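What follows is a set of notes on a single structure, which appears directly below.
The values are calculated or read from the model by the stated rules, or taken from the named source; none is laboratory data. Because the structure is predicted, anything quoted here is derived from the model rather than measured. Here the Cβ is made from the backbone with ideal geometry for all residues, glycine too, and neighbour counts use every protein chain on show. All accessible areas refer to the heavy atoms of the entire protein, side chains included, with ligands and DNA or RNA removed. Shrake-Rupley method; radii C 1.70, N 1.55, O 1.52, S 1.80 Å.
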Amino acid sequence: MNSTVNPEARSVFRLHHTDGDLALKLDLDGAETQRPRQEFETLTRLIPVFTETVARIVEPIWYDPETIGLLTRFVSGPTALRAVTDDPSAENLALLGTNGAQFLNTLHAADLVEEIGYWPEWVLKRLTSLASKTGQRMPQIGTQACNQLIERFRQISHAQRGAACLKTLAHGDFHGGNLIIGEAPTGLDMTEMRYKLGLYDAVDYLSSLEILRPDAKTELTDLGLHPALDQAFVETYSHDLPREVLRCAMLGKWLILTFKITKARHAASSFQRAKLKRLLARIAHMT
């Protein structure tokens, strides 16, 4: 399987072994980036933290001295993304919400936690940059619509500036493709781990599942989510997560995803066209 980020350089292989299958991650840029070595060290450090919890991380076995390879135990089961695609029922959404929160409960408590302020200015800068693109790279919804949404986000986010949030050890790329739903929810791909607001792990995970859910007449919550997914995650997540800040961060995520659907992508992909409709429905609901 090739990486969706850099498929020419990064691949993962399943290796069959009588003592249990292994996963080999190859990263041809690893000698420069040191990702395999760093991920091995991160996994090794975190394994004891996850030992006594309901969630798990993949077990590291070996990394290549030339730092282009990482070997871990293979974990069977679908990813959360595959699970929500195969079964978008309320019952399964609740399970996936619970599993994601269980993993983050342990990860976000794995090291020191610091209370800091929420500052959404980076979202405004990102949206402004995306809205400024021209030609086929400009957002499909058009410059005027982008500017109106940027101003609306500015108004909504202003009240949350400086609100107390928790800075934790965060996954950094916690979409549903990085959580295996098996005997225990198991986290993958720790290459982007760093200290930041833990709420962004929640936003990445929840948005990645919700955007794949087929359109239905189910009423959305104030986060733009199916109620079952929203409720299960929030009730299971054990760290402080201010609702209004989470709502603001979710809206920022929906807007960024919307602005990223350019005229070229919209014209070339039926998936992007369907995705845009789902995004606009959530934005309209929240603004």
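Results, tabulated for the structure shown:
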{"read-out": "Single match in T143, T168, T128 (criterion: within 27 Å of V49 (Cα to Cα), in contact (Cβ under 8 Å) with a residue 12 or more places away in the chain and of a type in the set (V, I, T))", "value": "T168"}
{"read-out": "Members of the range 75-103 found to be in a loop (DSSP other than H, G, I, E, B) and surrounded by fewer than 18 Cβ atoms within 10 Å (Cβ to Cβ), listed by number", "value": "S76, G77, P78, D87, S89"}
{"read-out": "Residue check for A31: of a type outside the set (F, W, Y), in a helix (DSSP H, G or I) and in contact with an Asp or Glu (Cβ under 9 Å, 6 or more places away or on another chain)", "value": "yes"}
{"read-out": "Filter pass, L24 being in contact (Cβ under 8 Å) with a residue 24 or more places away in the chain, in contact with a strand residue (DSSP E or B) (Cβ under 8 Å, 6 or more places away or on another chain), open to solvent by less than 60 Å² (accessible area, probe 1.4 Å) and under 20 Å from H171 (Cα atoms)", "value": "no"}
{"read-out": "Flag if W119 is without any contact (Cβ under 8 Å) to a residue 60 or more places away in the chain, open to solvent by 60 Å² or more (accessible area, probe 1.4 Å) and within 22 Å of L257 (Cβ to Cβ)", "value": "yes"}
{"read-out": "Complete set of residues in the range 161-183 that are open to solvent by 30 Å² or more (accessible area, probe 1.4 Å) and either under 21 Å from F259 (Cβ atoms) or hydrophobic (A, V, I, L, M, F, W, C) (or both)", "value": "A164, L166, D173, H175"}
{"read-out": "Matching helices (runs of 4 or more DSSP H) fully within the range 201-287 where at least 3 residues are open to solvent by 60 Å² or more (accessible area, probe 1.4 Å)", "value": "227-236, 263-268, 270-286"}
{"read-out": "Conditions (1) modelled with pLDDT of 95 or more; (2) touching a strand residue (DSSP E or B) at 6+ places or on another chain (Cβ under 9 Å); number of the one not met by P48", "value": "(2)"}
